[in-house]
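This report refers to the structure that appears directly beneath it.
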Amino acid sequence: MRNQLLKFLVSLLILIDNCLAAVLPETLRRELKWGQVNILHTTDMHGWLAGHAHDKRYSADLGEFVSFIHRMKQLAQEKDVDLLVIDTGDLHDGTGLSDLTDPPGSWTNDLLTNVPYDLLVAGNHELYLPIVMNDTYHNFIPFWNGRYLASNVDIYDEEAGMYASFGEKYAVFETPHNVRILSLGFVGSFSGGSDKARVLSMEASLRQPWWNELQELKDIDLILIAGHFPVHDSSELDLLLLKLRKEFPDTIIQVLGGHSHIRDYAVYDEKATGLQSGRYCETAGWASIRGVPSFTSSKVNPISSYSVFSLFSPLINYPRKILEASYIFTNPSKFSRSYIDWNRKGFVFHSKVHESKFDTSEGLELSHQIADARRRLNLLDPLGCSPKDYGFSEVPRNASNSIYNLFESEIFPKIIVNKSRSHMPHYIILNTGGIRGGLQQGSFGLDELFQVSPFKGNVFYVLKSIPWFIVKDLPYWLEHSGYLSIFDKSSTLPGDSNTVTETLTYTKSEPKKVSYGYWTHDDMGDDGDDTIHLPVPHYDSGNYLCSKVNIHLDIEHYPQRVDLVTTEFVIPRLNYILNKLVGKALYTKEDWELYFWREDGRHSMTDLLALYADKYWDKECFSST
Ligand SMILES: *[C@@H]1O[C@H](CO)[C@@H](O)[C@H](O)[C@H]1NC(C)=O
Ligand SMILES: *[C@@H]1O[C@H](CO)[C@@H](O)[C@H](O)[C@H]1NC(C)=O
Ligand SMILES: *[C@@H]1O[C@H](CO)[C@@H](O)[C@H](O)[C@H]1NC(C)=O
């Protein structure tokens, strides 16, 4: 039923798109549903505090988001309900703004203290580098006064000579409307963390002494779990929910998740749901909850019930109402969710204020600080001119306009060259997670370099002269060894490729048409995105890139020995695969030698694109007129 409705709507939208574009408003937006306790959620921001300059769907900066929060708090006050703001980690690693500072993330962390968060939790990116952990621990976590949660994360505190909690194990607090909240914060297990970090598995965390304290807690009305893990298919979260249900069989539980960079919503049981709010400041997540028994309000009925639209309205004129109507079939419950596109117009729309009244002095001041920080980091200086758009997950990985293909077939073979070894056949290998975004046609600078690949610590090493019989199937095993888990790879856009109707081709949308963007399918249906888009195609990127250099294969002729070149991050993974292929622990970290090193220091993964542009592209874009 739902699928058919969806197909019908897609065709309807295409019909509208083609015939009636001129009379349609530029964007169709769904209203938010307010509850007694409402939550604005951010996750996996990865430094995009300045917004997406090249993409107006996600063009708001953090200052505008702060104005939005203030306006929504005013609305909450008028409705006499609660509004909380929560973040679930990975604040940096992704833009020049966050990653050019020393330590990385230190300026963006300062900027983020302007957001009135009620709860925060670390992501894995807060825990990779000792210097980042230390900075977060000393200069960011204390600011939050007990609201930065770390149920399963400890840091080795050198001064104290022992492990200390990376935030609070849990926090209990009460909202202005008499809702007593127990909050927990977890980071999903991941590999490659700093040796200063201790991240306990869920099983081990639940055996810690503090877990027993929870059983003593009385009168908990709502449990909030801030978790840097996906809301679906996370065995650690499943275990946590199972254990919590034993102690709190009847309490409403709201999970706020992250990490896999998608929009998603999970319904676990009648009183437990999870919201995941995308990535890169593209999404402000919204969750609302009704039916909290202790909730008190001066208003008799603070929230009017969800509106029910007639299915029988004339279709062409009321596409939005049709979409709203599907809501009542899929969600009769106490929960609602929405994925708000991160732009000023949407923020103004939901704030119910006139645009001229939208900005707050705090928001404007923060926008000003962000612009100033960008100038000081030279993010506005052009480094090169990209001759075309290089797409990320929205184009097939082997397409000529794919960013992965640009690296695999051009940048790696032409830039990562070591003269003393260039005669050797070699593979240049990188996990696809090492590339984080596409590149737009036109002028680009440091910010875009980090948006494509923020891993400026990652330099290239070589493992020399590996016999061909060992590595001949390596490209296959890179994909199928199973070692590279979902946690090493960051998935990107929502939905599977089957969300794309075959008749759709991906073109840049023109103004006044329904634009391409998120179209999310979750446990509550297809109506979660606040802005109605045509779905963007999504192609799987696979696990690894592998450039084959000087490797010419025919039946009589194949290389005897091959060099393997890869980044530090991948070395343990490659060793694992190679050792599996030879059947013993033959290769270790010590066997790898430095391969690509430059006097000027530009030899990391982040630098490659700029080095390539220096050689092959214009430095500045000249307009064609
Ligand atoms: C950790 O951060 C504190 C405060 O910024 C600083 O004083 C200390 O030197 C840092 N320690 C290390 C090992 O970087
Ligand atoms: C890309 O890969 C697909 C699937 O392997 C293949 O069918 C297609 O021909 C390839 N396209 C190009 C441009 O190489
Ligand atoms: C080339 O590779 C060798 C290891 O074989 C390394 O010692 C040398 O530093 C590399 N040269 C450059 C310029 O990176």
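A few comments on the model shown:
- At an R0 of 30 angstrom, the distance between the Cβ atoms of Asp540 and Glu410 translates into a FRET efficiency of 0.90.
- Surrounding net charge for Asp135, when Lys and Arg each add one and Asp and Glu each subtract one, Cβ distance under 11 Å: -3
- Taking 7 Å steps out from each Cα toward its Cβ at Asp554 and Ala371 produces label points 6.3 nm apart.
- Nearest-0.05 FRET efficiency for Lys243 and His480, computed from C-beta distance (R0 25 Å): 0.15
- Zone of Asp250's modelled label, taken as backbone nitrogen in region 155-197 under 11 Å from a point 7 Å along Cα→Cβ: none
- Stretchable slack from Asp80 to Val582, in nm (0.36 nm times residue separation minus alpha-carbon distance): 174.1 nm
- Here the 3J(HN,Hα) profile of region 600-605, calculated from phi with Karplus coefficients 6.51, -1.76 and 1.60 at θ = phi - 60°, is 7, x, 8, 9, 8, 3 Hz, Gly and Pro shown as x.
- Measuring against 26 Å, Cα to Cα, the residue pairs Lys419/Lys584; Lys299/Lys334; Lys419/Lys589; Lys169/Lys246 contain Lys419/Lys584 as the ones spanning a longer distance.
Only the coordinates and a few stated rules stand behind these numbers; no lab work does. What you are looking at is a predicted structure, and each value in this text was computed from that prediction instead of being measured. Positions of Cβ are generated from backbone atoms using ideal geometry, with glycine treated the same way; all protein chains shown enter the neighbour counts.
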